[in-house]
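The values are calculated or read from the model by the stated rules, or taken from the named source; none is laboratory data. As the structure is a prediction and not an experimental result, all values here were calculated from the model. Cβ placement follows ideal geometry from the backbone for every residue including glycine, while neighbour counts extend to all protein chains displayed.
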Number of protein chains: 2
Amino acid sequence: MNGKTTPRVAIVGAGFGGLTAARALARAPARITVIDRKNHHTFQPLLYQVATAGLSPSEIAAPIRSILRGRDNVEVLLGEVTGFDLARRLVETPEQKIPYDYLVVAAGASHAYFGHDDWEPYAPALKTLEDATSIRRRILLSFERAERESDETLRRAWLTFVIVGGGATGVELAGAIAELAYVTLPDEFRHIDTRKARVLLIEAGPRILPTFTPDLSAYAHTALERLGVEIQLGLPVSECSAQGVVFGEQRLAAKVILWAAGVRASPAAAWLGAPADGAGRIQVKTDLTAPGRSDIFVIGDTATNDAWHGKPVPGIAPAAKQQGVHVADTIKRRLAGDDSPRPFRYRHSGNLATIGRRAAVIDFGWFKVRGYIAWWIWGLAHIYFLIGVRNRLSVALSWLWIYLTGTRSACLITQGPQRSEPR
Amino acid sequence: MNGKTTPRVAIVGAGFGGLTAARALARAPARITVIDRKNHHTFQPLLYQVATAGLSPSEIAAPIRSILRGRDNVEVLLGEVTGFDLARRLVETPEQKIPYDYLVVAAGASHAYFGHDDWEPYAPALKTLEDATSIRRRILLSFERAERESDETLRRAWLTFVIVGGGATGVELAGAIAELAYVTLPDEFRHIDTRKARVLLIEAGPRILPTFTPDLSAYAHTALERLGVEIQLGLPVSECSAQGVVFGEQRLAAKVILWAAGVRASPAAAWLGAPADGAGRIQVKTDLTAPGRSDIFVIGDTATNDAWHGKPVPGIAPAAKQQGVHVADTIKRRLAGDDSPRPFRYRHSGNLATIGRRAAVIDFGWFKVRGYIAWWIWGLAHIYFLIGVRNRLSVALSWLWIYLTGTRSACLITQGPQRSEPR
């Protein structure tokens, strides 16, 4: 950088990593541009609650401009990044090119279908608010279709919900759909008994919640079954279609299939010409820079590194935030003339997952807890980490309401029919 | 009806009229079927706040099944009514035919473009939750486009908002957009000054709020202008296009045009083969039955009658509700063997409209009030009339938040691009 113009930092993506970096750079002597294709930050850990009618989209999202409004050196740009011009140091969008001296790539991830992208229309996954409202629409319409279906076989298919993938998202979706069917909806239909709906969680591995300790996995397994969820372990899904799923030798008719089985990083590796792992993530250096590019940092789900005592850092919000802080610190030090690289070290605070309305599992390492108490800790932690007082108040009110009355206020079917919706 | 089977009542539409009728019939000795093409009741008086990012869709809507859940003789059907088989007494939907002994048509209204339906893509109107989120998207995207536009003329077009129609909806939309531009957003953009946005309300008649007394109209006019809204009276709009509007001799470049100028009843008149007025409404008899059909009642925006001391009943929520109660009473009396017709009499409780965040006009006839006090009465009345304690709490919290902080929590752009969105 020359000494005359203010250095420019471009941040691609306003998820947990990008937003944390932008906030930490707010008082640095640089001009920051945050580029995102959405106008809002999404609190992804609670997306499953929007998909299952517990929360509204606006309760778990906040406009990026509004989050960053007080920071005069930060500007926000709504735009779809299509690539980088590395030679001229430009971020490219269809409308304009944004120059940078430092680039932070925090472009997140989307779903992976392991070579079966044709399954996506039949087994949608959950990454954005639009995904969540469209999954909600599918789930609620399925009950409506069952209500007016006279053919018993078809009716069963409309009342069969399959969730593929037994990680935290799959477990949380399965638990919430079970509560919707068995607790919230039974009094609202006249021709079907929603308590007879089938909720099936399919996990290819030997246990659900594989990142937790085996005893917490086992507890979650029992707790889910107590809620009414069937769990199928050890069999990968070999087909998803408009008719249902095939796993092992079994073919199951199901109108709603949800995909929670894998993620794939944004195309940033291709934009950077950097090598990527099987999930499309860029293997970054210990200081989180891209290989051979000391001015480019890659963080969050777009990157992979072994900064967790030699193990890969997990793809969760706290990890992305820590990386955002680290990168902001590095940039601030470099702006002050200190170019020495400092390695990122991940501090794991724990794994959390909730199972329905009254149970959760928490593994803080030094402290493991499950059941009702864990559910309260889970709830308070999520309210605490939500962005904005307004969203915290609103989510707290919604949860209190669901907790006390059992009714879900967000059972709305909106939007027109989507592509490949079941018929 | 024969004495053996329970009489059936079909109610088409779960707006204010249909829902009130269904609730009032809940303990009657009849089977009630409520048919609506949406799964939710929408509180239309607050739709403009969803469109202008003050409230979320779920705060002003409630699932119809959930509203009617405790009533065992009432069932809800999600379906699009396509017509009636009057000879066989059936309501027709693509999936099934619903028999009735009594039919209540409360199918509402949609927008009217006075023979210019080709304007609709450029000047959307506000009738459903989807309309509201799509208008919100247009408004917010317009600021985003202005922020990255370098051409001054185009930038002005992106920052020009035109509202066609000076009734309550037009006035409320104009006031809310002015607040969004002049109060909420100024700190959030770096390249544009949202305070320079132009908000223009065009009314073909001689004054805004024509259903109010002239002094309240004049007050609202002044209050809107104080908020920064320009008002153009006495000139009808003669063109709406992707470029903007033409009114009188003027051609104004504007990327966001909103239509609040007219409504048209649902096609129920055609389904019934009944004569309709210019707005498509069926002229019903004094007991609210359709001409020549003593078993069919038509209420709310689908009907017109002169039950307000010889004047037409206004198309507002309290009028629809009163008609719903009257029809339910008539059906209950008939079920009890009393076939004597009893005329409906409309009791007008008043007109209300709000102008931005601190002013409103209220005309109760015996009591007129305007300004700050009126705004509080307006707010409390709307919270009171919302359906469900949950929505009341939530709207109260949202309003309190906007009132205290000036920030709007619902500034979310969701969904993909819509047909004919400005570019």
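Restricting A:60, A:67 to those that are β-branched (Val, Ile, Thr), in contact with a Phe, Trp or Tyr (Cβ under 8 Å, 6 or more places away or on another chain) and in contact (Cβ under 8 Å) with a residue 24 or more places away in the chain reduces the list to A:60. Of the set (1) crowded, with 24+ Cβ neighbours inside 10 Å; (2) modelled with pLDDT under 95, all apply to residue B:70 but (1). Mind checking which strands (runs of 3 or more DSSP E) fall wholly inside segment B:253-308 and carry at least 3 residues that are under 18 Å from the mean Cα position of the chain (by Cα)? Counting at least 3 such residues, we get B:256-259, B:263-265.
Among the residues of segment A:144-192, those that are more than 14 Å from every other protein chain (Cβ to nearest Cβ) and among the hydroxyl-bearing types (Ser, Thr, Tyr) comprise A:153, A:160, A:169, A:182. Residues in segment B:232-243 that are surrounded by 21 or more Cβ atoms within 10 Å (Cβ to Cβ) and either touching a helix residue (DSSP H, G or I) at 6+ places or on another chain (Cβ under 6 Å) or on the phi > 0 side of the Ramachandran plot (or both): B:240 alone. Scanning segment B:23-70 for residues that are within 30 Å of residue B:141 (Cβ to Cβ) and hydrophobic (A, V, I, L, M, F, W, C) gives B:43, B:46, B:47, B:50, B:51, B:53, B:55, B:60, B:61, B:62.
Just one of the listed residues (A:252, A:272, A:258, A:288) is farther than 28 Å from residue A:332 by Cα and either touching a Phe, Trp or Tyr at 6+ places or on another chain (Cβ under 9 Å) or of a type in the set (Gly, Ala, Ser) (or both), namely A:258. Taking segment A:38-59 as the range and being within 12 Å of chain B (Cβ to nearest Cβ) and either among the small types (Gly, Ala, Ser) or more than 16 Å from the chain's Cα centre (by Cα) (or both) as the test, the residues that pass are A:39, A:53, A:54, A:56, A:58. Per the listing A:253, A:276, A:265, A:270, the residue uniquely more than 23 Å from residue A:206 (Cα to Cα), out of contact with any Pro (no Cβ under 9 Å at 6 or more places or on another chain) and at pLDDT 95 or above is A:253.
When the residues of segment B:1-58 are filtered to those that are among the hydroxyl-bearing types (Ser, Thr, Tyr) and farther than 26 Å from residue B:375 by Cα, the one that is surrounded by the fewest Cβ atoms within 10 Å (Cβ to Cβ) is B:5. Among the criteria (1) touching an Asp or Glu at 6+ places or on another chain (Cβ under 8 Å); (2) closer than 24 Å to residue A:45 by Cβ; (3) surrounded by fewer than 20 Cβ atoms within 10 Å (Cβ to Cβ), the one residue A:281 does not fulfil is (3). Once segment A:359-390 is narrowed to residues that are over 18 Å from the mean Cα position of the chain (by Cα) and at pLDDT below 90, the residue that is surrounded by the fewest Cβ atoms within 10 Å (Cβ to Cβ) is A:366. Suppose the filter is assigned to a strand (DSSP E or B), aliphatic (A, V, I, L, M) and within 14 Å of chain B (Cβ to nearest Cβ); does residue A:62 pass it? Judged against the criteria, residue A:62 is a match. Comparison of A:211, A:222 shows that the only residue that is surrounded by fewer than 17 Cβ atoms within 10 Å (Cβ to Cβ), polar (S, T, N, Q), touching a Pro at 6+ places or on another chain (Cβ under 8 Å) and not in a strand (DSSP E or B) is A:211. Looking only at segment A:198-209, filter to residues that are within 23 Å of residue A:411 (Cα to Cα) and touching a residue at least 40 places away in the same chain (Cβ under 8 Å); which one of those is farthest from the chain's Cα centre (by Cα)? If we take residues in segment A:198-209 being within 23 Å of residue A:411 (Cα to Cα) and touching a residue at least 40 places away in the same chain (Cβ under 8 Å), then A:198 is farthest from the chain's Cα centre (by Cα). Scanning segment A:317-344 for residues that are surrounded by fewer than 18 Cβ atoms within 10 Å (Cβ to Cβ) and outside any helix (DSSP H, G or I) yields a count of 8. Among the residues making up segment A:240-249, those that are touching a residue at least 12 places away in the same chain (Cβ under 8 Å) and assigned to a strand (DSSP E or B) are A:240, A:244, A:245, A:247.
Within segment B:79-95, restricting attention to residues that are facing chain A (nearest Cβ under 10 Å) and touching a Ser or Thr at 6+ places or on another chain (Cβ under 9 Å), the residue that is farthest from residue A:53 (Cα to Cα) is B:93. Restricting attention to segment A:194-208, the residues being closer than 30 Å to residue B:66 by Cα and surrounded by fewer than 21 Cβ atoms within 10 Å (Cβ to Cβ) number 5. Checked against (1) at the interface with chain B (Cβ under 10 Å from one of its Cβ atoms); (2) of a type in the set (D, E, K, R); (3) in a loop (DSSP other than H, G, I, E, B); (4) touching a strand residue (DSSP E or B) at 6+ places or on another chain (Cβ under 7 Å), residue A:69 meets all criteria but (4). When residue A:87 is tested against the conditions (1) touching a residue at least 60 places away in the same chain (Cβ under 8 Å); (2) over 25 Å from the mean Cα position of the chain (by Cα), the lone failure is (1).
Let's see how each residue does on (1) in contact (Cβ under 8 Å) with a residue 12 or more places away in the chain; (2) in contact with a Lys or Arg (Cβ under 8 Å, 6 or more places away or on another chain); (3) closer than 30 Å to residue A:71 by Cα:
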{"residue": "B:172", "(1), (2), (3)": "yes, no, no"}
{"residue": "B:183", "(1), (2), (3)": "yes, yes, yes"}
{"residue": "B:187", "(1), (2), (3)": "no, yes, yes"}
{"residue": "B:192", "(1), (2), (3)": "yes, yes, yes"}
{"residue": "B:211", "(1), (2), (3)": "yes, no, no"}
{"residue": "B:214", "(1), (2), (3)": "no, yes, no"}
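When you look at residue B:335, is it farther than 16 Å from residue B:48 by Cβ and either modelled with pLDDT of 90 or more or among the hydroxyl-bearing types (Ser, Thr, Tyr) (or both), yes or no? Yes: the conditions hold for residue B:335.
Among the candidates A:375, A:401, the residue that is of a type outside the set (S, T, N, Q), over 19 Å from residue A:219 (Cβ atoms) and touching a Lys or Arg at 6+ places or on another chain (Cβ under 9 Å) is uniquely A:401.
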